[in-house]
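Every read-out reported here was derived from the displayed coordinates using simple, explicitly stated rules and does not represent laboratory data. Just so it is clear, the structure is predicted and the values come from calculations on it, not from any experiment. In this analysis, Cβ positions are derived from the backbone assuming ideal geometry, glycine residues included, and neighbour counts consider all displayed protein chains.
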Amino acid sequence: MRNRLIIVGAGPAGLSLARALRRSGAEITLVERQSRAALADPLPDGREIALTQASVRHLRDMGVWSLIPPDEVHPLREARVLDGGSPFTLAISSPKRRGADLGVLVSNHLIRRALFASVEAQDGITLLCGREVREARADSDGVSVTLDDGTRLEGDLLVAADSRFSSTRSALGMGAEMIPVGKSMLVCRVRHDKPHAGIATEWFDYKRTVAMLPLAPGMSSLVLTLPHDQAQGLAALPLAELGPQFAALTRDRWGTMEAVGPVVAYPLTMTFAHRFCSPRAALIGDAAVGMHPVTAHGFNLGLAGAMRLARLLQGARDIGETRLLRRFALAHRAATRPLYLATLALVRLYTDDRPGAHALRKAMLHTGALAPVRHALGAMLADRKFARPMCARG
Ligand SMILES: Cc1cc2nc3c(=O)[nH]c(=O)nc-3n(C[C@H](O)[C@H](O)[C@H](O)COP(=O)(O)OP(=O)(O)OC[C@H]3O[C@@H](n4cnc5c(N)ncnc54)[C@H](O)[C@@H]3O)c2cc1C
């Protein structure tokens, strides 16, 4: 029996895989550079994660969902896409039935806290926190990693879940396409006057993109995509000064605003690994597919990948068997590549500030050329094949 698994990275993807394998009999070692205290009680990082119905089901099945406070779960009833000052609205709603939610919004730190609590309590797992993987090797004989304190670990399968800039992926010779988007995403919780009605708004405005994600009544997560220096400049301002600035940037669409924080600016780079497996090694989470947050699917795809790999490894006599890893890689690529490419096309279209790009966007929105993206998004969020088309004038 060859069942020793080493996972590098206890982010949402690495933790999900460890949890999904709780009954597999695998002997799991999870290595993470952050401290145990930081993992057990992560600080809010401003990310509000739109979870699909499928993700909620996976988290429920793994006993993780019950560890997230119910009053911190916010329904996402509908998403609307606006273009500049145009009254035209492209709406994405659940294809299931009128009134059904598209998904839910949960803060990233609460998902991470719940995942860590569940993994920490499970048998057969060794957590090495505050330790960084410095070297990694995997071939048909076995795998080994060397940590920053010189400890050497050996195993039968190595899984890299160490972010979109994964050094383990590089050490294993699995490169990735890397596309810097040239913009940063600034996130901040805000209180506002006008109700959000559970509707997420994605507003492609001149030289910036504004998203409002509905949380508690009168509270949303404001997400601004801006040039790096502008995002850094705003992030450095005191919270009290930000509210009026945000209200002006959103042209008072949600009334007056008060910034609650935290304010975090994320520089954006999209990544897609050239391969998802090599002998006795696999990539999951952002290390495999680093999405742009605009389509809200990074963690959803990471969780789906972890579940996919865990299903294949259940009961395997050799968890590093090439046939299993290839099946995982093929299936995960097929499940992620179309949405990745659609997201990239959308990002290119909406970050293009050249003259003519705006007219093209308008035309695409009005002629329904974005319908495939809209349908795919609605269906993926609500866990169905096709979304119900719906356009409105706001
Ligand atoms: C603003 C924003 C909004 C988002 N919104 C959504 C959304 O609505 N829906 C959605 O599905 N996704 C969303 N995402 C994406 C989601 O947050 C990521 O896809 C997800 O966090 C990736 O998880 P991961 O575990 O793969 O990687 P990470 O979260 O990057 O974790 C990697 C872990 O590996 C550790 N590590 C790295 N190198 C080493 C090493 N050498 N040794 C040991 N440990 C190491 C790190 O410390 C870290 O803990 C959003 C992202 C952003 C930035």
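Per-structure values
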quantity: Relative contact order of the chain, pairs being alpha-carbon contacts under 8 Å that are 6 or more residues apart, as %; calculated: 24
quantity: Mean Cβ neighbour count within 10 Å, used as a protection proxy, ranking 29-42, 6-19, 184-197 highest first; calculated: 6-19, 184-197, 29-42
quantity: Summed side-chain charge close to residue 20 - residues other than residue 20 whose Cβ falls under 11 Å, Lys, Arg +1, Asp, Glu -1; calculated: +4
quantity: Proxy reagent accessibility, fewest Cβ within 10 Å first, across 165, 276, 328; calculated: 165, 328, 276
quantity: Theoretical FRET efficiency, 1/(1+(r/R0)^6), r = Cβ-Cβ of residue 269 and residue 1, R0 45 Å, to 0.05; calculated: 0.65
quantity: Spatial separation of Cα centroids for segment 264-310 and segment 190-206, in angstrom; calculated: 28
quantity: Karplus-derived 3J(HN,Hα), 6.51/-1.76/1.60, for each residue of segment 170-187, Hz, glycine and proline x; calculated: 5, 4, 8, x, 9, x, 8, 6, 10, 10, x, 7, x, 9, 10, 10, 9, 10
quantity: Label-point gap, in nm, between residue 341 and residue 165 - each point 7 angstrom along Cα→Cβ; calculated: 2.9
quantity: Rg to Rh quotient for the chain, alpha carbon positions, Kirkwood Rh; calculated: 0.98
quantity: Protection proxy ranking of 302-315, 254-267 - average other beta-carbon atoms within 10 Å, highest first; calculated: 302-315, 254-267
quantity: Total formal charge among the other residues, if their Cβ is under 13 angstrom from that of residue 286, Lys/Arg +1 and Asp/Glu -1; calculated: +2
quantity: Segment residue 194-residue 219, length gained on full extension (0.36 nm per residue, minus Cα span); calculated: 8.0 nm
